[in-house]
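Contents: one structure, followed by commentary.
The values are calculated or read from the model by the stated rules, or taken from the named source; none is laboratory data. Keep in mind the model is a prediction, meaning the values are calculated, not measured. Cβ coordinates were reconstructed from backbone atoms using ideal geometry, including for glycine residues, and neighbour counts include every protein chain displayed. Keep in mind that these areas ignore ligands, DNA and RNA; they rest on the heavy atoms of the full protein, side chains included. Shrake-Rupley method; radii C 1.70, N 1.55, O 1.52, S 1.80 Å.
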Amino acid sequence: MQQEQLPVVLIPGFMLDETLWDEFISVYPDSRRFIRASLSQTIAEMAGHIAGGLPERFVLAGFSLGGYVARAVAEAFPQRTAGMILIATSLREDSPEQRARLEAASRVALSGDFKGISPGAVKRSLHPSRHGDAALIQKVREMGKRLGAEVFRTQSGLERNGITLRPVSIPVMVVAAGQDQLRSDEEAAELADCFGCDVHVIEGSGHLIPLETPRELARSVYTWLQTSGL
C-alpha cells in the first residue's frame, strides 16, 4: 500500500502573503495537499499559532523569514514535524546595520500612506533580468500593501535569535538561488552544515524563488519529497 502523503505547510517571507505560493502550487507535479500559513507576532508566537491549526504530522516549507519560523515550529513540535524545506533563508540574526535600516523604514511606513515595499527594494530581491518586470514588482508591492504598515512594523522588529542550532533527526532540504543578492552562498552552506544535507541551487533566480522560478522549485521539492519518503 502506498504511504499517504503528508501535507506541506507553506510559510511566506518578510511582507509577503499566502499568494506568494500561487504559481508554485499551480505547477506542482502532483496533488499534494498544501497548507498556506501567514506571519504575525513574534517568531515563537507565529510558530505556536501555525502549529495550532495543523494536522498531527506535516512537512514545513519556509521561505526567507518563513525559514526562521519553520525552524521554530520544528523545535517546538519535533514529534509532529516530519521534514523541513528551507528556501533562501539563513541561520544568522540581522546585523545592527540591517536592524537600523528596518527600524528607519518602519518609522517612514507608519508616518504616511503605506504602499508596500519600495520598487528599489523589490528589485534588489530579484534576478537582474527581472528588474524590468513591472508586473512582478507590483505583485510583490501589493502583497505588502495588503499586509499594511502595522505588519511592516511588527515584522521589521522581529528578533531572529533564540532558535536552536542543534541538529534535527528529520530530513531537511536547503534551497538557495544562484543569484540571490540578499542571502549569500555562505549562509546556505551554514544551513546545510547544521542540518547535515546538501544545498540545492536554483540558477537564474534572485531571492524571490517562489515567484521567479516556481516551476523549478516545484520540481525540486517534488523530487526531494519523493526521495525522502514524505
Please find, among 50, 35, the residue that is in contact (Cβ under 8 Å) with a residue 24 or more places away in the chain, assigned to a strand (DSSP E or B) and of a type in the set (A, V, I, L, M). 35
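Working only within region 130-178, note down all residues that are among the polar types (S, T, N, Q), open to solvent by 50 Å² or more (accessible area, probe 1.4 Å) and more than 19 Å from residue 14 (Cα to Cα).
Residue satisfying the conditions is 169 alone.
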I'm trying to understand the selection: among the residues of region 133-177, which are in a helix (DSSP H, G or I), aliphatic (A, V, I, L, M) and out of contact with any Phe, Trp or Tyr (no Cβ under 7 Å at 6 or more places or on another chain)? 134, 135, 136, 137, 140, 143, 147, 151
Evaluate region 203-215: report whether one residue or more is open to solvent by 50 Å² or more (accessible area, probe 1.4 Å), within 22 Å of residue 228 (Cα to Cα) and in contact with a helix residue (DSSP H, G or I) (Cβ under 9 Å, 6 or more places away or on another chain). yes
Scanning region 32-55 for residues that are open to solvent by 60 Å² or more (accessible area, probe 1.4 Å) and modelled with pLDDT of 90 or more, which turns out nearest to the chain's Cα centre (by Cα)? 36
Region 161-209, residues that are at positive phi and touching a strand residue (DSSP E or B) at 6+ places or on another chain (Cβ under 9 Å): 196, 204
Residue that is modelled with the lowest pLDDT [pool: residues in region 1-31 that are open to solvent by 30 Å² or more (accessible area, probe 1.4 Å) and under 20 Å from residue 49 (Cα atoms)]: 14
I'd like to know if region 103-118 contains one or more residues that are open to solvent by less than 70 Å² (accessible area, probe 1.4 Å), among the basic types (Lys, Arg), at pLDDT below 90 and part of a helix (DSSP H, G or I). no
Report whether or not residue 225 is in a helix (DSSP H, G or I) and surrounded by 15 or more Cβ atoms within 10 Å (Cβ to Cβ). yes
Looking at this structure, is residue 218 over 18 Å from residue 22 (Cβ atoms), part of a helix (DSSP H, G or I) and open to solvent by less than 70 Å² (accessible area, probe 1.4 Å)? no
